[in-house]
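Asker: I have a structure I would like to understand better, so I am pasting it below and will then ask my questions one at a time.
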Amino acid sequence: MKETVVSGIRPTGKLHLGNYFGAVKNFVKMQYDYNCYFFIADLHSLTTHPTPGDLHGYVKHVLVEYLACGINPEETTIYIQSDVPEVAELYLYLNMNAYMGELERSASFKDKIRSQSDNVNAGLLTYPTLMAADILIHKATKVPVGKDQEQHLEMTRTFGNRFNRMYKTDLFPESYAFNYQENLVKVPGLDGKGKMSKSSGDGSCIYLSDSPEVIRKKVSRAVTDAGPTEENQPKPEAIQNLFDLMKIVSPADTMAHFDGLYNKCELRYGDFKKQLAEDMILFNTPIREKIEEISKDTSYLRQVAKHGALKARESAQKTIKEARELIGFKSF
Ligand code: AMP
């Protein structure tokens with residue numbers, strides 16, 4: 001029996017290089033080796049209150065971009081989270097045994113208190129229980145995500161184990177974050193600090209659908225400094241971030257060349273950024289072209305979403321039936 005894999009992405013806009021290298025790249029490889037469920041986390045995205053019009057467009061972006069990146073709906077189950085109401089039901093059960101203290105300690109919740117202080121809703125607090133429901137509903141053991149999600153996976157194990165102990169069962173297996181590389185990936189943004197993230201603004205993100213002109217403009221505006229003054233000096237965060245991005249999209253010898261120049265204090269940021277932008281364009285172009293092609297094919301998208309919902313519900317209904325019986329909801 002193949003191991004089960006679950007992962008999703010919130011439809012809050014277009015996918016960027018962080019989503020690709022942290023998650024989708026692994027989805028594409030894993031689909032041939034595992035029993036995979038990849039979803040579009042539209043329930044999660046409600047924490048930021050998208051308008052109904054925006055929400056549908058964002059869901060379409062992610063669906064199209066999954067397909068354009070090479071996720072094959074014949075090999076794997078691609079679905080929209082809100083098409084599987086069993087996820088929301090399991091979320092409710094898990095919330096009964098998720099404690100305020102542990103939810104408040106989550107790093108992502110603390111971040112959100114800072115970044116959206118005018119909208120600290122209960123959905124944000126219980127984001128980890130919804131994520132646990134996403135994973136446990138299919139009894140997944142592997143979850144391809146970026147480094148930012150590691151703590152949520154730990155909480156998923158806590159909630160699953162707690163349910164198992166409470167109802168004296170082994171219904172939920174433990175799941176672990178997964179990346180084909182040795183370490184989980186964190187793709188930096190272009191704004192000189194932190195990870196690439198939609199919440200840091202469009203200027204910090206390279207989207208998979210960005211045109212060459214847009215990529216050149218964004219990279220040329222990326223934060224740098226006055227340049228190194230001593231040989232082999234450590235790189236400040238903003239510069240290290242650009243090198244980390246180059247490591248992801250450029251050949252190793254290109255990266256070694258610019259690293260050598262930096263260490264000899266001979267690096268011209270203009271040349272470095274030009275090369276980085278051209279390598280990003282080389283990487284993006286085939287995906288961008290597929291995005292343009294697939295987004296026109298509404299009947300194909302409808303068929304993929306419908307087929308995915310059927311397959312995902314079949315698996316989810318089995319788990320919910322077992323959970324309901326364990327909890328004590330029995331028919332007369
Ligand atoms: P989100 O946009 O928060 O729904 O994230 C979707 C997936 O992309 C998750 O697996 C994240 O770990 C991953 N991800 C998002 N941003 C980054 C980043 N900058 N570096 C690595 N992975 C990321």
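The values are calculated or read from the model by the stated rules, or taken from the named source; none is laboratory data. Owing to the predicted nature of the structure, the values given are computational and were not obtained by experimental measurement. Heads up, the Cβs are rebuilt from the backbone with ideal geometry, glycines too, and the neighbour counts pull from every protein chain shown. In case anyone asks, the SASA skips ligands and DNA or RNA and just uses the protein heavy atoms, side chains included. Shrake-Rupley method; radii C 1.70, N 1.55, O 1.52, S 1.80 Å.
Asker: Taking amide H positions as placed in the peptide plane 1.01 Å from N, state which residues far from residue 178 in sequence (5 or more) or on other chains have amide H under 5 Å from it.
Answerer: So residue 178 has HN proximity to 143, 145.
Asker: What distance in nm separates the simple spin-label points at residue 271 and residue 97, each placed 7 Å from Cα in the Cβ direction?
Answerer: Computed distance between label sites residue 271 and residue 97 equals 6.1 nm.
Asker: State the extension gain, in nm to one decimal, for the chain segment bounded by residue 183 and residue 120, taking 0.36 nm per residue of separation less the distance between their alpha-carbons.
Answerer: Extending this stretch completely gives an extra 19.5 nm.
Asker: Evaluate the relative contact order of the chain (contact order divided by residue number), counting alpha-carbon pairs under 8 angstrom at least 6 apart; express in whole percent.
Answerer: The normalised contact order for the chain reaches 22 percent.
Asker: Would you calculate the volume per residue, in Å³, of the smallest convex hull containing every Cα atom of the chain? Present the calculation step by step, with values, prior to reporting the outcome.
Answerer: On the way: hull volume 51.4 nm³, N = 332.
Spread over its residues, the Cα hull of the chain gives 155 Å³ apiece.
Asker: Follow-up. Rounded to the nearest 5, what % of DSSP beta bridges with both residues in the chain are antiparallel?
Answerer: Bridges in the chain that DSSP calls antiparallel: roughly 10 percent.
Asker: Can I ask one more? Order 184-192, 53-61 from most to least packed using the mean count of other Cβ atoms within 10 Å.
Answerer: Numbers: 184-192: 20.8, 53-61: 15.9.
Put in order of decreasing packing, that is 184-192, 53-61.
Asker: Where q = 0.11, 0.13, 0.24 Å⁻¹, what log10 of I(q)/I(0) comes from the Debye formula for region 95-182, counting one point per Cα?
Answerer: So the normalised log intensities work out to -0.32, -0.44, -1.20.
Asker: Next question. Which value in deg cm²/dmol, rounded to the nearest 500, describes the helix-derived mean residue ellipticity at 222 nm for the chain, given -39,500 (n - 2.57) per DSSP H run of n ≥ 4 and division by the residue count?
Answerer: Rounded to the nearest 500, it is -16500 deg cm²/dmol.
Asker: What list of ³J(HN,Hα) couplings, whole Hz, do you get for region 127-139 from phi and the Karplus terms 6.51, -1.76, 1.60, once you set θ to phi - 60° and write x for glycine and proline?
Answerer: 3, x, 6, 5, 5, 4, 4, 4, 7, 6, 4, 10, 6
Asker: Any idea how far the Cα center of region 297-331 sits from the one of region 1-42, in Å?
Answerer: The two parts, judged by their Cα centres, are 18 Å apart.
Asker: Then there is this: Measuring from a point 7 Å past the Cα of residue 299 along Cα-to-C-beta, which residues in region 72-90 have an amide N at less than 20 Å?
Answerer: From region 72-90, the list is 73-74.
Asker: Follow-up question, since we're still on this one. How many angstrom lie between the Cα centre of region 163-186 and the Cα centre of region 77-154?
Answerer: Going from one Cα centre to the other spans 14 Å.
Asker: What's the extension gain from residue 321 to residue 244 if we count 0.36 nm per residue and subtract their Cα-Cα distance? Can you show the working numbers first?
Answerer: Working: separation 77, 0.36 × 77 = 27.72 nm, distance 4.62 nm.
In short, 23.1 nm is gained.
Asker: Mind listing the long-range amide H neighbours of residue 39? Cut-off is under 5 Å, sequence gap 5 or more, other chains count too, H placed in the peptide plane at 1.01 Å from N.
Answerer: The list, which skips near neighbours in sequence, is 7, 8, 9, 79.
Asker: Dipole of region 187-332 (Lys/Arg Cβ +1, Asp/Glu Cβ -1, origin at the Cα centre): which of 207, 328, 305 lies farthest to the positive side?
Answerer: Farthest along the dipole direction, towards plus: 328.
Asker: Go through 102, 231, 75, 86 and list them by solvent-accessible area, largest first, probe radius 1.4 Å.
Answerer: 231, 75, 102, 86
Asker: Here is a follow-up. Provide the packing ranking of 108-118, 137-147, i.e. peptides ordered by the mean count of other C-beta atoms within 10 Å per residue, highest first.
Answerer: Taking the mean over residues of other Cβ atoms within 10 Å, the ranking is 137-147, 108-118.
Asker: I would also like to ask the following. Hey, quick one: spin label on residue 263, modelled 7 Å out along Cα-Cβ, who in region 225-239 has an amide N within reach, i.e. under 16 Å?
Answerer: Counting backbone N atoms under 16 Å from the label point, the list is 228-236.
Asker: Using θ = phi - 60° and the Karplus form 6.51 cos²θ - 1.76 cosθ + 1.60, what ³J(HN,Hα) does each residue of region 226-231 get, whole Hz, x for Gly and Pro?
Answerer: The phi angles translate into 7, x, x, 10, 10, 4 Hz.
Asker: Taking a cut-off of 16 Å, what percent of all Cα-Cα pairs in region 198-292 are separated by more than that?
Answerer: 55
Asker: Anyone know which of 245, 261, 124 comes out most mobile in the 10 Å Cα GNM of the chain?
Answerer: Result for the chain, Cα springs under 10 Å: 261 fluctuates most.
Asker: For region 309-320, just list the computed ³J(HN,Hα) in residue order, Karplus coefficients 6.51, -1.76 and 1.60, θ = phi - 60°, integers in Hz, with x standing in for Gly and Pro.
Answerer: So the Karplus estimates, Gly and Pro as x, are 4, 4, 5, 5, 5, 4, 5, 5, 5, 4, 5, 5 Hz.
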